[in-house]
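Some notes on the structure that comes next.
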Amino acid sequence: MSAAPVDTAVDLGGIALRNPVLTASGTFGYGSEFAPFFDLTRIGGIVAKSLTLEPRSGNLPPRIAETPAGMLNAIGLENVGVDAFVADKLPLLPDGLAVVASVFETEIERYAEVCKRLTGVPKVAGLEINASCPHVKSGGIEFGQRPELLGRLVRETRRASSLPLLVKLSPNVTDIREMARVCEGEGANGLSLINTLQALDVDLATRRPVLRNGLGGLSGPAIRPVALRMVWQAFQAVKIPICGIGGIMSAEDAVKFLVCGATAVQVGTANYLNPMAAAEVADGIAAYAAGQGCARVAELVGTLEMPGGR
Amino acid sequence: MTAAAVPLAIRVDAEVRANLCEGGPNRRLVLGVAGWPGSAPGQFAMLSPGATGAAPRFDPLLPRPMAVYRAAPEPGGAAVEILYKVSGRGTQLLADAQPDERVRLVGPLGTGFPLPAAGQRALLVGGGTGIASLHDLAAAARARGPVVVLLGARSAGDLMGREDFAALGVELRLATEDGSAGRRGLVTALLEEALAEPGAGDDLVYACGPTPMMRRAAELAAERGRRCVVSLENRMACGFGVCLGCAVPRAGGGFALVCRDGPVLDAGAIAWEAVP
């Protein structure tokens, strides 16, 4: 890659990234699991698995199922808890990698408490509020789907932490622009979208859902066009930067998100089938930008030629 | 108890050397794997046919976990053999992979089999495609003490690799449901007899196969006060502890990941009634 004289650095709402590639929460563990496969500083950063105040042990199996060009999951937000993340997981990560901590809880006060515990911790470059996880019954889905609840959540987590604050939006809404504006109005520094699409598949032999949880979240290349559409719509609605997520398997896929208005991207499901995917996407974006004669990758952002402008 | 230092996994686009029919839906894949760091008995690899090249295919999306049947070191890597049965879209794609094509491989993965103590008899119980997990274990256990390999399948043609086991110099006993090879009936009947043999000492029982077979093997071993370890199969998206899709309930609560804590687990550590 030494030949490419392209500046890949981007600023994602106050989170300085060496290049625009992060990994999506829940698909990259706590980061060190991927150290055998590539030098983690080849990517811009990681978004770690969503953290709750206490450790959680997750749902009964089956937890995943394959679908056409995609997969369903209902893991149940299994995680080590915020304190163990800070004590045991963060020290394993290299310097020079932007670590964004994803926060999930069932009540606003608890969200705020997790945010407080992550603030001032060395290596934590920012927070991502998971307002959209569709598979814990008492949890996230309601925050991400109701503008007034989402607004309160962003306000209180904003108040709890001085760190750059991203809000990860649910795609399971009527109008993503309304949710994007609410977050911007309450002081979010950026938006991550999209989370998984709420989905269902059926085992005809038993006439039961394929997942023990019933409903799950759909991810993978199957959802990419939906994600591109929502990123474009959000880009039209707000000024804060957007991190595009949804079925990115290659650098070309990632560039499409940049063109639709994303400042950075997150590679998600691809990490499972190709543990080097994020590094390859990062290299490929730089090569693409060089091939287009760009001095900076950021020049690609929002360059979609939409007929009629919107 | 368990294995020595486990090598770090690699991701590599392996070269298909041979992809042979072993009768019916049963096949043997031989992959040239550059940089293969070696594997412990019972480890596995994730295979994605069609995921490489200029136009990679993402449907079906997920790689398939496959036991490392055996690996022959060669300069710069190893020839890795996989025994598998065509049972769905993923394995059909694998069957379609032609010599010189590439198959993406991530491995070696997981926690393999504990080896028997010096002189301890190893009783290996394999059912159907579960047989494929036991070859390297039989070879390693053979170097430490007596080994009896009990293989079972629907019929003679499904007893994959039986000649390879025989060539290891281990005692081989067979069972088929249709009686076309060995004893007519289930392989667990052979285990029950072996455990009752006069002079059978502190056997270590290893089982890999359908869940009811492993559960029965665990019961029989427990009745005799013998330790039993099983090698589980499960859906998984990654194979290295990240997707958390392959969790199985532990007997004492919580979950074990088949990919990282297993695939080999102590039979007593699993809440069998909650395994789907």
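For the criterion of being surrounded by fewer than 21 Cβ atoms within 10 Å (Cβ to Cβ), away from chain A (no Cβ under 13 Å) and not in a loop (DSSP other than H, G, I, E, B), B:ALA78 fails. Within region B:118-163, the set of residues being within 19 Å of B:ALA218 (Cβ to Cβ) and part of a loop (DSSP other than H, G, I, E, B) comprises B:GLN120, B:ARG121, B:LEU134.
Here B:ARG184, B:ARG215 are screened, and the one residue that is among the charged types (D, E, K, R) and under 23 Å from B:ASP136 (Cα atoms) is B:ARG215. In contact with an Asp or Glu (Cβ under 7 Å, 6 or more places away or on another chain) and either surrounded by 22 or more Cβ atoms within 10 Å (Cβ to Cβ) or more than 18 Å from B:LEU123 (Cα to Cα) (or both), is that true of B:GLY241? Yes, satisfied. Can you find a residue in region A:193-214 that is small (Gly, Ala, Ser), modelled with pLDDT of 95 or more and within 21 Å of A:LEU22 (Cα to Cα)? No; the residues of region A:193-214 include none that is small (Gly, Ala, Ser), modelled with pLDDT of 95 or more and within 21 Å of A:LEU22 (Cα to Cα). When the residues of region B:236-258 are filtered to those that are of a type in the set (Gly, Ala, Ser) and at the interface with chain A (Cβ under 7 Å from one of its Cβ atoms), the one that is farthest from B:ALA67 (Cα to Cα) is B:GLY254. Selection over region A:251-303 of residues that are closer than 26 Å to B:LEU62 by Cβ, of a type outside the set (Lys, Arg) and assigned to a helix (DSSP H, G or I) gives a count of 19. Is it the case that B:PRO65 is within 14 Å of chain A (Cβ to nearest Cβ) and closer than 16 Å to A:PRO275 by Cα? For B:PRO65, the condition - within 14 Å of chain A (Cβ to nearest Cβ) and closer than 16 Å to A:PRO275 by Cα - is met.
For A:ALA227, the conditions (1) part of a helix (DSSP H, G or I); (2) on the phi > 0 side of the Ramachandran plot are fulfilled apart from (2). Among the residues of region A:26-85, those identified as under 18 Å from A:MET276 (Cβ atoms), outside any loop (DSSP other than H, G, I, E, B) and either at the interface with chain B (Cβ under 9 Å from one of its Cβ atoms) or of a type in the set (S, T, N, Q) (or both) are A:SER32, A:GLU33, A:PHE34, A:THR41. Among the conditions (1) more than 24 Å from A:ASN172 (Cβ to Cβ); (2) in contact with a strand residue (DSSP E or B) (Cβ under 9 Å, 6 or more places away or on another chain), A:MET230 misses just one, which is (1).
Summed over region B:38-56, the residues that are outside any loop (DSSP other than H, G, I, E, B), more than 11 Å from chain A (Cβ to nearest Cβ) and of a type in the set (A, V, I, L, M) give a count of 1.
Answer yes or no: is there a residue in region B:93-114 that is among the polar types (S, T, N, Q) and crowded, with 18+ Cβ neighbours inside 10 Å. Yes, there is a match, as at least one residue in region B:93-114 is among the polar types (S, T, N, Q) and crowded, with 18+ Cβ neighbours inside 10 Å.
A quick yes/no check of all residues on (1) under 15 Å from the mean Cα position of the chain (by Cα); (2) small (Gly, Ala, Ser); (3) farther than 22 Å from A:LEU40 by Cα:
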site	(1), (2), (3)
A:GLU186	no, no, yes
A:LEU193	yes, no, yes
A:LEU197	yes, no, yes
A:ASP201	no, no, yes
A:TRP232	no, no, yes
A:ILE248	yes, no, no
A:VAL265	yes, no, no
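The values are calculated or read from the model by the stated rules, or taken from the named source; none is laboratory data. This structure is a prediction, so every number in the text was calculated from the model and none was measured. We place every Cβ from the backbone using ideal geometry, glycine too, and count neighbours over all the protein chains shown.
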